[in-house]
Structures are given as structure tokens and as C-alpha cells.
Amino acid sequence: MHHLDYLPNYLYNIPPRKYQAFTLYNFKTIPQIHKLTQEQIFAIQVVGSVLPFKTNNYVVEHLIDWENIPEDPIFTLNFPQKGMLKQNHFNRMADLIRSQADAAQIRKTAHEIRMELNPNPDGQLERNRPILNGKQLKGMQHKYRETVLFFPSQGQTCHAYCTFCFRWSQFLGIDELRFAMREADVLQQYLSKHTEVTDILFTGGDPLIMKTNIMATYLNAIINGDLPHIQNIRIGTKALSYWPYRFLSDPDADTLMAAFRNIIRSDRHLAIMAHFNHPREMQNNIVQRAIHRLRQIGVEIRCQSPLLAHINDRPEIWAQLWKDEVRLGCIPYYMFVARDTGAQHYFGVPLYQAWQIFRKAYQKVSGLARTVRGPVMSSDPGKIQILGVGQVRNQNILTLRFLQARNPDWVDRPFFAKVTKNALWLNDLKPAFGKKEFFFQSSP
Ligand SMILES: *Cc1c(COP(=O)(O)O)cnc(C)c1O
Ligand code: SF4
């Protein structure tokens, strides 16, 4: 691990780097492509026709270990793998591509397969849309009393796509400042009517894909909007991991830092909710400089990731991740359970095992890293933490609790489920002690 002591400002001025994306259409131009077999390249074409695929020159040069293919966790994080499609889906698409079917046929089949992959788990967005002046607001979600999620329309793509993510349906991207101003206005109006809200969380995609002038339109709407109850501004982003130049050498990196400083000067807490899935993502001096620069101006960095088979499903990896985070001044926040969508059959880890991995990792770190909470299912009723298995009268019982809930009264009440070793998600669990339903299923 590179260690950074004090970094004077000029050291943030690393040479600018031009962003280059690699997708299904040009990934064969990656210089390291010869490290892959023909079979692996074909699998990328097949799976990449169904699931989103995008990586970039930073990931290829600084994160992936090309001597470690195909097991490399970051390779798996960005490059489609054969196992991500079920056998029958894979074969269907493979046959089409082998027979050189036309693009329309491939698109149609890809769509049919996607529809079988539960593309919109829980109908999350639709269900928690806020209402302003009698109209449902798009691009916002208000599920937990204190926190409004905001999806700026220009932030619905990412610097690279994680293979486990299935937000492809929202990866559309529209680049228009006028649109941002209208949205910022609606956001400001909504927040001014909801004084119970303390936190606004910018999310996506990745909001930091946006240029600073657009991002600043939103941030200024909050700073200048007479909204003293909005105390915390969070930005959910994977830019530290996929494009740390965003904070260092991009043409508008310095103005982004200035916009962040303005938030902090308005006496607000600014948190980057960073997504680090594997310690590798923190182990080079570009990302470390970016973290250092954010920390120096007073930005808090909190880190979260799902637990993923083939990427980070060992306790040693999580312990290392949390230790590295703490050493770099970041705060471990959530370990999530992989959602019931997309390639869950490939990435999913059963809840029981997830708890074991969490527990073993948690035991290896000091209290400073035990700010992390997990494993957590972000499900329709709320964020549910698996507390673990204990024995009650010779019976094994799984204990859970809400960290966040649609109904605030549910939070922090332990509840109990039968131990089902292969359960992957909440809907695989049954209440313990012969109960018909969990307590929250009968309350409003
Ligand atoms: C996770 C989440 C939040 C933020 O919850 P915190 O526990 O405050 O981090 C807000 N809204 C939704 C819908 C979420 O899933
Ligand atoms: S950065 Fe986040 S939103 Fe983007 S692909 Fe990865 S998990 Fe999905």
C-alpha cells in the first residue's frame, strides 16, 4: 500500500487524463485483450449483449490485474462473465451471435431475457415518489422520513458499469443545463415544504459523471434556497474508484472542490457515499490523492458495498477493505446483500453465509472500523440488518432488525426468522415460533 503523509496542494496537480470508455463495440481494442482466450471474448459478447458493459482506461490500467485473469475481482466487476447468464439464456444469445443474426433480432432477444431477470425489484422508485402540488415527482424518492433521494437526470450513467448492477434501465443520460435548472427548482420547492427532511442524497447512476456547472446548479439550489433544515448533503458515487481524476486533474476538478467547499462553508455536512467493492480499488496513489484532497477540505467519506460472490466473498477481503478505509480517513458504513435482480444467481451469497463472512471480518478489525453495519438487505419495507443466529430453547433462530424503515416505529425492534440456510433474500425467510407473518407485515 502506498502511504501518503502530507500532500501539498501542487501534488494534486497530476497530469490530466483523457477519459476513454470501452464497451461491447470497442473492447477488443484494449491493449491487454490478448490476455483473454477466444472463449472468454465470445462470452463477453454474449453476456454484454444482455447486461450493461462499460469499463474505461483507468480501470484497465490501474485496477485490473491482468496476470490474474479470469479470477481477478476487478475484471469480474466490469467484464461480463459467462456465469452471469443462466445456461439457457446464454445459449439463446450465443446461438444468435454465432449465426450472425441482425442487430434488431439481438436487441429483441436481449429485451426478452432482461424481462426475465426482475429488472425492477420491489418497484422501488414508483412506490416512493414524492408529491408536490398534487403531482408525482420523477427523479426523487422519499421513503425514509429524514432523507430524500434525488436522481439528477444527467447523472444516470457511470464512468464504468459494475456487472452486478442492474440499473441499466436508467442508464440514459441527457445533457442539458436547462433541464437541471428546472429540476433544481422543483427539488428546492419540495424540500422547503418538508422540514422533517435533514438529508439529501444525490444518487444515480453516478451524479459525479455530471460536469461541475450542472452539479453546482443543484448544490446551489440547496445552499441558496432558504433550507436551514437540510443539514447533510450526501453524494453517492463510484467516481473515486472508477475515475479519481474527477477530483484531481479533470478540467473542472478544481471548481468541483470549490463547490464542495461552499457547502461546508454553509455549515453543512458533506458526505461522499463511496462505493468500494474491493481493497484493490483503494491501493494506488491516484485514488489516495483524491481521497486526501477531499478530506483536506472537510468532506467526509463513507464507504459501502454489497457482498458479492466472485468479487469479495471472503472475510479477509472485507477486513482489509475496512482497515484501508480507516487508514485513509474514510468511514466503513454498510455491507449490503446483493439484490434479487439481474445476475443474483451469480453474485448472490446466502444470508446465513453473509452473516458468517461479516462476523469473521468484523472480528478482525478495531473499533474504528466497526462503524460498518451489515449484512443489510435494502428491501421494500426498509433496510434490514441480519444480526445473526442464536439458540432459543434448542432451536436455531435468525435475528434481524430494521436500520431504516418505511414506518419509523419499526426501527431497531429485533424480529425473528427460521434459519433457512439457502435463503438469499427477505422473501425466502419465514417467521420463527410458528408466527404467520413478521410484525411489520401486519402493521400499516
Ligand atoms: C439507504 C437509503 C437511504 C439512506 O439511509 P441511511 O441509513 O440514512 O444511510 C435513504 N433512502 C433510501 C431509499 C435508502 O435506500
Ligand atoms: S457505479 Fe453504482 S450505479 Fe453505476 S454501475 Fe456501479 S453499482 Fe451501478
| request: Take region 312-339 and flag every residue that is in contact with a Lys or Arg (Cβ under 6 Å, 6 or more places away or on another chain) and assigned to a helix (DSSP H, G or I). | output: P315, A319
| request: Could you check, for region 373-381, whether at least one of its residues is closer than 20 Å to F336 by Cβ, more than 16 Å from ligand 1 (Cβ to nearest atom), surrounded by fewer than 19 Cβ atoms within 10 Å (Cβ to Cβ) and assigned by TED's automatic domain parsing to the domain that holds V148? | output: no
| request: Provide a single number: the residues in region 382-418 that are more than 11 Å from ligand 1 (Cβ to nearest atom), among the β-branched types (V, I, T) and farther than 15 Å from K430 by Cα. | output: 1
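Quick one: how many residues across region 237-247 are of a type outside the set (S, T, N, Q), within 16 Å of ligand 1 (Cβ to nearest atom) and outside any loop (DSSP other than H, G, I, E, B)?
Of region 237-247, the ones of a type outside the set (S, T, N, Q) are 238-240, 242-247.
Cutting the leftovers down to within 16 Å of ligand 1 (Cβ to nearest atom) gives us 238.
If we keep only those that are outside any loop (DSSP other than H, G, I, E, B) too, we end up with none.
So the count comes out to 0.
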| task | Search region 403-419 for residues that are over 17 Å from V392 (Cβ atoms) and pair each with any residue that is outside any strand (DSSP E or B) when their beta-carbon atoms are under 6 Å apart and the residues are at least 6 apart or on different chains. | result | R406/P381; P408/R145; W410/F440
| query | What number of residues in region 273-324 are within 21 Å of I14 (Cα to Cα) and of a type in the set (S, T, N, Q)? | reply | 5
| request: Tell me which of these A309 doesn't satisfy, since it passes every other one: (1) closer than 20 Å to L51 by Cβ; (2) touching a Lys or Arg at 6+ places or on another chain (Cβ under 8 Å); (3) surrounded by fewer than 21 Cβ atoms within 10 Å (Cβ to Cβ); (4) modelled with pLDDT of 95 or more. | output: (2)
| task | Looking only at region 406-444, count how many residues are assigned to a strand (DSSP E or B) and touching a helix residue (DSSP H, G or I) at 6+ places or on another chain (Cβ under 7 Å). | result | 1
| note | Scanning region 183-207 residue by residue, the ones that are away from ligand 1 (no atom under 16 Å from the Cβ), surrounded by fewer than 20 Cβ atoms within 10 Å (Cβ to Cβ) and among the acidic types (D, E) total 1
| query | For residues in region 188-217 being of a type in the set (D, E) and touching a strand residue (DSSP E or B) at 6+ places or on another chain (Cβ under 8 Å), which is modelled with the lowest pLDDT? | reply | D206
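Quick grid of which residues meet (1) over 26 Å from I64 (Cβ atoms); (2) within 16 Å of ligand 1 (Cβ to nearest atom):
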site: I209; (1), (2): no, no
site: P228; (1), (2): yes, no
site: I235; (1), (2): no, yes
site: S249; (1), (2): no, no
site: M257; (1), (2): yes, no
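Being surrounded by fewer than 19 Cβ atoms within 10 Å (Cβ to Cβ) and either assigned by TED's automatic domain parsing to the domain that holds Y334 or at pLDDT 95 or above (or both) narrows it down to one of Q363, Q385, so name that one.
On the way: Q385 fails: surrounded by fewer than 19 Cβ atoms within 10 Å (Cβ to Cβ).
Answer to the selection: Q363.
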| message | Here is a check on your reading of the model: is P251 in contact (Cβ under 8 Å) with a residue 60 or more places away in the chain, away from ligand 2 (no atom under 14 Å from the Cβ) and of a type outside the set (A, V, I, L, M, F, W, C)? | response | yes
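Tell me, yes or no, whether region 269-276 has at least one residue that is out of contact with any strand residue (DSSP E or B) (no Cβ under 8 Å at 6 or more places or on another chain), buried (at least 22 other Cβ atoms within 10 Å of the Cβ) and farther than 18 Å from T157 by Cβ.
Among the residues of region 269-276, not one is out of contact with any strand residue (DSSP E or B) (no Cβ under 8 Å at 6 or more places or on another chain), buried (at least 22 other Cβ atoms within 10 Å of the Cβ) and farther than 18 Å from T157 by Cβ, which makes the answer no.
If the requirement is being among the charged types (D, E, K, R) and within 15 Å of V372 (Cβ to Cβ), which of these qualifies: R280, R302?
Details: R280 fails: within 15 Å of V372 (Cβ to Cβ).
Matching residue, one of R280, R302: R302.
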| Considering only residues of region 74-123 that are among the charged types (D, E, K, R) and surrounded by 15 or more Cβ atoms within 10 Å (Cβ to Cβ), which is farthest from I317 (Cα to Cα)? | R92
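The values are calculated or read from the model by the stated rules, or taken from the named source; none is laboratory data. Here the structure is a predicted model, which means the values were calculated and not measured. Every residue, glycine as well, gets a Cβ built from its backbone with ideal geometry; the counts of neighbours run over all protein chains shown.
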